[in-house]
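K.L.:
First, the structure itself, so that you have it in front of you.
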Amino acid sequence: MATNIRQGFVIGSGAVLDIATSTTVADTRIKGVTYSGIGTFLITGTSTDPYGNLKGSNLKFVGTTAVDASDIYVPDFGMKVNGVVKVSAPTSIATVGIFYG
């Protein structure tokens with residue numbers, strides 16, 4: 001099994017923190033997401049280069065039922081994110097775990 005896959009976590013909205021080092025997750029590739037909560041989630045990882053070009057990606061999805069706890073897998077190389085990875089969650093008790101590397 002690969003040892004370069006790490007996990008970050010956040011409760012509610014804010015920057016994603018690595019669960020082992022408590023450092024902010026930034027400039028990586030998201031391989032998968034696990035979440036719980038009802039409503040619209042937005043994971044952002046974008047930055048602007050010196051030429052004014054937007055780099056990175058956003059991931060938006062909706063949790064739809066009271067028992068929603070689900071996973072999203074990103075195939076192949078994952079989703080490239082630039083800058084700090086941030087989550088905008090629908091409630092303060094929603095949780096998001098991100099597998100990255």
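Derivation of every value follows stated rules applied to the coordinates shown; laboratory data play no part. Just so we're clear, the structure is a prediction, and the values are computed from it rather than from any experiment. Virtual Cβ from ideal backbone geometry, glycine too; neighbours counted across all protein chains shown.
K.L.:
For q = 0.12, 0.14, 0.25 Å⁻¹, what log10 I(q)/I(0) does region 7-100 give under the Debye formula with an equal point scatterer on each alpha carbon and no solvent?
P.N.:
-0.35, -0.47, -1.31
K.L.:
Express the relative contact order of the chain as a whole percentage, based on alpha carbon pairs under 8 Å and six or more residues apart in sequence.
P.N.:
Relative contact order here is 45 percent.
K.L.:
Still on this structure, I have one more. Given the C-alpha atoms of region 1-55, compute the convex hull and give its volume per residue in Å³.
P.N.:
About 127 Å³ per residue, rounded to a whole number.
K.L.:
Also, quick follow-up: Of the residues 28, 48, 40, which exhibits the maximal mean-square fluctuation in a Gaussian network model of the chain defined by a 10 Å Cα contact cut-off?
P.N.:
Top of the fluctuation ranking is 48.
K.L.:
Based on other C-beta atoms within 10 Å, arrange 76, 18, 71 from fewest to most.
P.N.:
76, 71, 18
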